[in-house]
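See structure below.
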Amino acid sequence: MFCYQCEQTYRSDEGAGCAGAKGMCGKDAATADLQDILLYVCEGVGQYLHRARQLGATDIEADRFILFAFFTTLTNVNFNAAKFVELIHQASQIRDRAKALYENAARAAAKIPQTVLGPAAFVPASNMAGLSAQASEAAVRKDAAILGEDAVGARALILYGLKGVCAYAHHARVLGEERDAIYATVEHALDMLAREERDVATLLDEALALGRANFLAMEALDAANTGAFGSPTPTSVRVTPIKGKAILVSGHDLKDLHAILEATKDKGVNVYTHGEMLPAHSYPKLKAYPHLAGNYGGAWQDQQKEFAEFPGPIVMTSNCLIEPQPRYRGRIFTAGPVGWAGVRHIADENFAVVAQAAQALPGFTEDAPEKTITIGFGRDTVLGVADKVIDAVKSGAIRHFFLVGGCDGAAPGRNYYSDFADEAPEDTVILTLGCGKYRFNKHDFGTIGGLPRLLDMGQCNDAYSALVVATKLAEAFGVGVNELPLSLIVSWFEQKAAAVLLTLLALGVRNVRIGPTLPAFLTPALVDVLVEKFGVQPLGDAKSDIAASLARAA
Amino acid sequence: MYKVSLLTRDGATIAFDAEPSDTLLDAAERASIYLPSSCREGGCGACRVARASGEVELMSYSSAALSEDERMAGDILLCRARARGDLALRAPFDEAAVGSAPVPERRATLVALEPAGSGAVRLQLQYEDDPTFGSAAQFAAGQFVELTLPDGSAKRSYSLANAPNWDGTLELFIRLQPHGAFSNYLRDRAAVGDTLLVRGPQGQFTLDEASPAPRWFVVGGTGLAPALSMLRQIGEFADQRPCRLFFGVNKVDELFALDVIDELQAALPLVVTLCVWKPEQDWRGFVGTPVAALAQALSSATERPDIYVCGPPALIAATEETARSCGVPHDRIFSEKFTAA
Ligand code: SF4
Ligand code: SF4
Ligand code: FES
């Protein structure tokens, strides 16, 4: 195996990358190799779909499959080797279909179909042992010697950005929002990866195109979530347990949460959110369920301890799953793209068994003292008080906005983000999203002009909301986003964050601070490009970064 | 006080202190480390580990739990060993098998008892609701429980044959021994409605879920129970990997649970070989032991399977030998010995 797609990748003096028997995330070598092969076969699907599309022929089921397949390979999503063998065989059948689609379209247009090589011509072995032997053909860095390190890094940026786009687009799709332009870009990117493209400038352009497609994906997801469940409104959420039977729902998929709330209606079971599911409490149609009782625990990296202590079933609806411990392995369920060998998986959105499990498990035996936090500052809420915000900025009551958001992780150095939020001066507002907020969302930041100083905009999936707010404020002030008194302090962990970064760059947002470390797949030359062209900045120390942000804005 | 460090199969180090008067199992438990064990008196072998360095004193034990060869190779039984110096041990199980809480003890009601072929019975129990554990039957497919008779007079361990479930149901197949205390109870006194104490789940004979290899089960008699549990679990997970079952008995009328096997065959890519050693009637299945059937199948297999074997010690030894001679690595053979009780 070789994988360096996430922030926690193994780093040593010789370089970075998880290459042993297991990655830092717990993904074993067999699974990592199978994931590479799956994506490689998907590139082959993309080669045909891309060509067919140019001839006016499309296969939306194949596009949907690609979204799902890519989503399964994000960090902390699916660790089940057997599932990947199944997906590889599915992908190979879909590729046959895409090939026929392309060839028929070519013939219909009186053209001779090209013979497509590379991933399109790769024949996956029928069993696990055979597939393992093929892994080197599909490895991320397989052509490093020919392509050069910078091209390999830029290709990795595309591959991992693409994973993020696919994850967002899949989330939107399950709620019925799809955009053909996203599929076209995904196919284009797959075709580019399948070619031995080595021109770094061309590759970076492709990465920015993905960033634009990701903006569409995030917009679609926002439309999907708000369309299905209403616009988030400020909501006070209980963060301590209540006596009674209990279910814990983690991940990002609001549709699954909704299905669980339906399956447990009037059954005397309390449903708690975990991690990135917290923002669900602010959606009108979800919070209308009285048994959506509260939020339990913190960010994903604490789950082994928190899940062990939770006295009911746990459902992982998407990332971020880490190895289920024996103490709760029997009562954790996965859904959608998530998986772990030997853990029950719900493939049909029927959560009746989870309701049954909740009844059979002890639940909380007593109430904990009540504590709450306030969430739900999505774009509508913030823009709803835009006048107040603009006045406060004009009068000097609000000096600056910091968006401190993104993924959390277990790596050292992540206290930077809580230090940053805590040190931000009283006359600044902190916007946040993603699970990184668990580092400080229970702190008291007080208010400014009737607004809370900490505004929780939702999941990492809600980055769109933050971009809309920034754009609208810029319009109101008659300036560009880069001229706003706004600084972005982004923490990345996995590939959705890579996609969001590409979106920010594609939209021309400058001076984004990212950390806690820079992605290992970016070579020094690529980092230089990001720094020069986009003003991307690695983290310093919180105090001086705050000072620098304020100075720049002044 | 001596320092003990135990290295698990997956590379974790577990450390605890041991008083010279404690067994190593008790010493670990004093530190809230619950290591795999069952009989706690040197009879079952569940607590066997390898000694890398340091001295122990071994109290009496049964050779079924620790053979002379194993002892010569440095293996010890945690329930029968006392430290005589600092110790470094190597465990044949993963860190995940080490508990941080004592094995649960719960009450269950006998809800069904019926014959299962000649010489065995099928027992179904229902867990009572419990403030700590609820009413669910949570275990890993392949594990066993220890049952205590209603009057407390005897305890025996039996494998569960069903998959873990939220109804709180336990299903067991028990061979009736001519003079066993538990068998006498089942034959003469057991009645629906009786309450039994259940200590469990216990045991490490469970599926290696992460392995993508085909799964083959080689079982004799009521050794079928854990295989049924695992196969039912595989069915519940809709896992489509190829499975084979070699189920052996001495005489045709000893076969049981054939309806369950039929159901599994309909739901899974499962090939079943029923093996009868001495068929006295018209028998069209395999004649011979499941090990002989395994040898035949391995010789034409295209992929190396993981092998799960459960039954009497001789069956396990023969399976291990056959499988290894056909190129199945030692660590791909998982076993659970059944000893007569
Ligand atoms: S996902 Fe991250 S931790 Fe896991 S193998 Fe890849 S780089 Fe390593
Ligand atoms: S914000 Fe990132 S790290 Fe956190 S749960 Fe979502 S995907 Fe995982
Ligand atoms: S627990 Fe049975 S031999 Fe030690």
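What the table shows:
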item: The stretch A:500-534: number of residues that are over 22 Å from A:Asp408 (Cα atoms), of a type outside the set (A, V, I, L, M, F, W, C), surrounded by 15 or more Cβ atoms within 10 Å (Cβ to Cβ) and without any contact (Cβ under 8 Å) to a residue 60 or more places away in the chain; result: 1
item: Residue check, A:Gly458 assigned to a loop (DSSP other than H, G, I, E, B), within 12 Å of ligand 2 (Cβ to nearest atom) and crowded, with 22+ Cβ neighbours inside 10 Å; result: yes
item: The lone exception for A:Arg64 - which of (1) within 11 Å of ligand 1 (Cβ to nearest atom); (2) at pLDDT 95 or above; (3) more than 14 Å from every other protein chain (Cβ to nearest Cβ) it fails; result: (1)
item: Single residue of A:Ala82, A:Ala57, A:Ala30 found to be assigned to a loop (DSSP other than H, G, I, E, B), of a type outside the set (Lys, Arg) and surrounded by fewer than 24 Cβ atoms within 10 Å (Cβ to Cβ); result: A:Ala57
item: Test result for A:Gln35, over 18 Å from A:Ile182 (Cβ atoms), in contact with an Asp or Glu (Cβ under 8 Å, 6 or more places away or on another chain) and modelled with pLDDT of 95 or more; result: no
item: Selection status of B:Gly235, part of a helix (DSSP H, G or I), small (Gly, Ala, Ser), more than 13 Å from every other protein chain (Cβ to nearest Cβ) and touching a Leu at 6+ places or on another chain (Cβ under 8 Å); result: no
item: Output for the stretch A:264-293, where each listed residue is out of contact with any helix residue (DSSP H, G or I) (no Cβ under 8 Å at 6 or more places or on another chain), more than 20 Å from A:Asn441 (Cβ to Cβ) and in a strand (DSSP E or B); result: A:Asn270
item: Scope the stretch B:145-170; condition outside any loop (DSSP other than H, G, I, E, B) and without any contact (Cβ under 8 Å) to a residue 60 or more places away in the chain; matching residues; result: B:Val145, B:Leu147, B:Thr148, B:Lys155, B:Asn165, B:Thr169
item: In the stretch A:3-14, residue nearest to ligand 1 (Cβ to nearest atom) [restricted to those that are under 16 Å from A:Pro524 (Cβ atoms) and touching a residue at least 12 places away in the same chain (Cβ under 8 Å)]; result: A:Tyr4
item: Candidate set: the stretch B:68-81, residues that are more than 16 Å from B:Pro20 (Cβ to Cβ) and out of contact with any Gly (no Cβ under 9 Å at 6 or more places or on another chain); chosen: the one surrounded by the most Cβ atoms within 10 Å (Cβ to Cβ); result: B:Asp75
item: Boolean, A:Ile94 is under 24 Å from A:Gly251 (Cα atoms), more than 14 Å from every other protein chain (Cβ to nearest Cβ), crowded, with 18+ Cβ neighbours inside 10 Å and away from ligand 2 (no atom under 16 Å from the Cβ); result: no
item: Pairs with Cβ under 9 Å, 6+ apart, first in the stretch A:17-37 and facing chain B (nearest Cβ under 10 Å) and near ligand 1 (Cβ under 6 Å from one of its atoms), second of a type in the set (Lys, Arg) and in a helix (DSSP H, G or I); result: none
item: Among residues of the stretch B:17-43, those that are among the β-branched types (Val, Ile, Thr) and touching a Phe, Trp or Tyr at 6+ places or on another chain (Cβ under 7 Å), counted; result: 1
item: Residue that is surrounded by the most Cβ atoms within 10 Å (Cβ to Cβ), among those in the stretch B:97-143 that are more than 30 Å from B:Arg187 (Cβ to Cβ) and touching a residue at least 60 places away in the same chain (Cβ under 8 Å); result: B:Ala140
item: A:Phe84 vs. criteria more than 9 Å from ligand 1 (Cβ to nearest atom) and within 18 Å of the chain's Cα centre (by Cα); result: no
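Each row is one residue, and each column tells you yes or no for (1) free of Cβ contacts under 8 Å to residues at least 60 places away in the same chain; (2) within 24 Å of B:Arg241 (Cα to Cα); (3) under 23 Å from the mean Cα position of the chain (by Cα).
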site: B:Thr302; (1), (2), (3): yes, yes, no
site: B:Tyr308; (1), (2), (3): no, yes, yes
site: B:Glu320; (1), (2), (3): yes, yes, yes
site: B:Gly327; (1), (2), (3): yes, yes, no
site: B:Phe334; (1), (2), (3): no, yes, yes
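The values are calculated or read from the model by the stated rules, or taken from the named source; none is laboratory data. The structure displayed is predicted, hence computed values, not measured ones. Cβ sites come from the backbone with ideal geometry, for glycine too, and all protein chains shown count toward neighbours.
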